[in-house]
Amino acid sequence: MEGEITDQPLVRIDRISKHFGEGEARVDALRDVSLDVHARQVVALLGPSGSGKTTLLNVIGCILDPSSGAMDLVGDRVIEDGRWLRSDLRRLRLEKIGFIFQFHNLIPFLDATDNVSLVLELAGSSPAEARGRASELLDYLDVGHRAGAMPAKLSGGEAQRVAIARALSNRPRIILADEPTAALDSKRAQIVMDLLRKVAAEQDAAIIAVTHDEKIFDRFDRIYHLRDGRLEA
Amino acid sequence: MNLAYRDIRHNLFRFVLTCLGLGLLLGVVLAMIGIYRGLIVDALTIARAPSVDLWVVEANTRGPFAEASRIPGDLREAVARIAGVSSAGSITYQTVEAEYRNAKLRLYVIGYELTRPGAPPEIWRGRPIARSHYEIVADRSTGLNLGDRIRLGRNNFTVVGLTRDQVNSGGDPAVYITLADAQRLQFDLAPPAARIAMARGTGGASRDTVNAIVARLQPNASVDVAAATIHRWKHLSAISQEAQELILTRSLVDRARRQIGLFTTLLLIVSAVIIALIIYTMTMEKLKQIATLKLIGAPDRAIIGMIVQQSLALGLIGFAIGATLIINVKDYFPRRVVLEPDNVLILGLIVFVVCLVSSGLGVRAALKVDPATALGG
Ligand SMILES: Nc1ncnc2c1ncn2[C@@H]1O[C@H](COP(=O)(O)OP(=O)(O)O)[C@@H](O)[C@H]1O
Ligand SMILES: [Mg+2]
């Protein structure tokens, strides 16, 4: 079944626009942006500050309403004429999308394992199952030895890898990352990017990352530039 | 996994400290409620002690507690003969300062007739008065012990029995002596001029003056009928037990009662505001984490559950600490602190509701927070 849809993009954006405010205060953050991202693709969004990168990521992540346009995620139409077709956006996120943040945003009162297994429990796994898969993932990301550590006790690289484990826990097909390596040194940044490439390949996922980080440009399949809300390949 | 519990465990020290603080506050609220209840119970104690149905006092007074009342003691015979009355006894009440162990001791001296109504309701230690002179039954809050001797007026009295919780509306401990001894004491302590008049039997004053005659009725007799009979005697009034208790709570300790009642209400409001603030800040501090939870797909029910459970835990533990504290120290208060289970329960309920309402405020803020704020660094 997966084979059939590999040529169908996991993320398809069709002339999405988004403006904030009206009249003189109107800011056009996205103007007619169209974009397809396929499975196993790792793409970068580049652009100066204020160009609309975060806005685009938020629309794809189903946390921001676009003003107009359409969007398909994993083959399902979710936005039509700027309106959501589904009301359970949180469920959609839980099942299809993994987020990786610039700052790891781990829940400070849960240890590494629980930060990961929380997402699994929310999706309906039993606590035992969730913990099992969480420690598998932490091992996969080379942070298994920190499984019981609280986020405050983790180094930046470790925390980011735990956060990636969390993003991957529900086997999402779409992974969104906002400056995932900005808080890491270049060696760690390379490791994280290699990891994301591995995940894209092994889990048949699409990865969209906002980045400024020139050191890792060579790790992307495609690089899109945003300028004043317009997308240029 | 239980998010509320995990968060509490992670910040355990702070949570415990908050609970302790809240516990102390709720302890104070409970103490005030207990003091309020205690004041009312104390005010009624002396009026309930003889367990009678009718108080015969001086005409047009609301004696013997709220107003001074002086009537001839020998009227008890006439009162006892009224249809429906089963027994009647003369009683005196006076406040006396005595010396005990080199300190002044304020006593509320009750004089009663050994074979008639008016005796202390219950002897806790020792025995009731058996001889007609110089024996005393004292409340244990006087600090007196069995066998102690204490000087009242010109005579020494021996403590033969002890009671519990017998105090007047001002909190002075009660002691019981025989009516004869009490009248002698009244005479000894009166100003010299009055004493001379009393000794002569002139000026309307006689040695056989009492403050009230208390009467018990036969089981089916009507208080109103007996009272009406007494009212026909021009110089006397009759007050039912019920009316007497009303006088005590409504007029004698009314100001004190309202004062403490108002303060208790204020304290309750302050506590409610403090609980609400604590819970609200607890949630506000977690807004970023709540945004993250929303972003990764946690349903509202998980987030609401976390906030509500935490605030209920806080309220419950704080309340338990406060209640335990006050139950353990209430007997060391100088006046009675009465905590009935229903008072405690009602406060518990109020705390529960306040916690729910204030977690509602937190929940509102949490539901409004935009998941996108988790992304913004
Ligand atoms: N919530 C908002 N309200 C108003 N304007 C916004 C909001 N979010 C973003 N913008 C504006 O939209 C434009 C694009 O923002 P953003 O997507 O955050 O850019 P980038 O991530 O590329 O720096 C900016 O001009 C920004 O000021
Ligand atoms: Mg941005």
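The values are calculated or read from the model by the stated rules, or taken from the named source; none is laboratory data. Model, not experiment: these values are computed from the prediction. As a convention, Cβ positions derive from the backbone with ideal geometry for all residues, glycine included, and neighbour counts pool all protein chains shown. Quick note on the areas: whole protein, heavy atoms, side chains included, nothing else; ligands and nucleic acids left out. Shrake-Rupley method; radii C 1.70, N 1.55, O 1.52, S 1.80 Å.
Odds and ends about this structure:
- Qualifying positions in region A:162-182 - over 10 Å from the mean Cα position of the chain (by Cα), surrounded by 24 or more Cβ atoms within 10 Å (Cβ to Cβ) and closer than 22 Å to A:SER125 by Cα: A:VAL162, A:ALA163, A:ALA165, A:ARG166, A:SER169
- Residues in region A:44-76 that are of a type in the set (Asp, Glu) and more than 14 Å from chain B (Cβ to nearest Cβ): A:ASP72, A:ASP76.
- Restricted to strands (runs of 3 or more DSSP E) entirely inside region B:169-261, those with at least 2 residues that are modelled with pLDDT of 85 or more and either closer than 27 Å to B:GLY153 by Cβ or open to solvent by 30 Å² or more (accessible area, probe 1.4 Å) (or both) are B:174-178, B:212-217.
- Considering residues of region B:94-130 that are in contact with a Ser or Thr (Cβ under 8 Å, 6 or more places away or on another chain) and charged (D, E, K, R) only, the residue surrounded by the fewest Cβ atoms within 10 Å (Cβ to Cβ): B:GLU122
- Test: A:LEU64 is more than 25 Å from A:GLN203 (Cα to Cα), within 16 Å of ligand 2 (Cβ to nearest atom) and in contact (Cβ under 8 Å) with a residue 12 or more places away in the chain: yes
Listed here are the residues, each with its yes/no results for (1) within 16 Å of ligand 1 (Cβ to nearest atom); (2) surrounded by 14 or more Cβ atoms within 10 Å (Cβ to Cβ).
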residue	(1), (2)
A:ASP7	no, no
A:THR55	yes, yes
A:ILE63	yes, yes
A:ASN105	no, yes
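- Qualifying residue in region A:218-226 (condition: away from ligand 1 (no atom under 16 Å from the Cβ) and either within 20 Å of B:LEU295 (Cβ to Cβ) or free of Cβ contacts under 8 Å to residues at least 40 places away in the same chain (or both)): yes
- Out of B:ARG125, B:ARG131, one residue alone is among the basic types (Lys, Arg) and under 24 Å from the mean Cα position of the chain (by Cα). It is B:ARG125.
- Just one residue in the set B:ILE303, B:ILE307 is of a type in the set (Val, Ile, Thr), out of contact with any Gly (no Cβ under 9 Å at 6 or more places or on another chain) and within 14 Å of another protein chain (Cβ to nearest Cβ); that residue is B:ILE303.
Residues are listed down the side, and each one gets a yes or a no for (1) more than 14 Å from every other protein chain (Cβ to nearest Cβ); (2) more than 16 Å from ligand 2 (Cβ to nearest atom); (3) without any contact (Cβ under 8 Å) to a residue 60 or more places away in the chain; (4) among the aromatic types (Phe, Trp, Tyr):
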{"residue": "A:ARG171", "(1), (2), (3), (4)": "no, yes, yes, no"}
{"residue": "A:ASP178", "(1), (2), (3), (4)": "no, no, no, no"}
{"residue": "A:ILE208", "(1), (2), (3), (4)": "no, no, no, no"}
{"residue": "A:LYS215", "(1), (2), (3), (4)": "yes, yes, yes, no"}
{"residue": "A:ASP228", "(1), (2), (3), (4)": "yes, no, no, no"}
{"residue": "A:LEU231", "(1), (2), (3), (4)": "yes, no, no, no"}
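- Selection within region A:114-137 - under 19 Å from A:GLU158 (Cα atoms), polar (S, T, N, Q) and open to solvent by 10 Å² or more (accessible area, probe 1.4 Å): A:SER135
- From the list A:SER68, A:SER34, the one residue that fits, being more than 11 Å from ligand 1 (Cβ to nearest atom) and out of contact with any Asp or Glu (no Cβ under 6 Å at 6 or more places or on another chain), is A:SER68.
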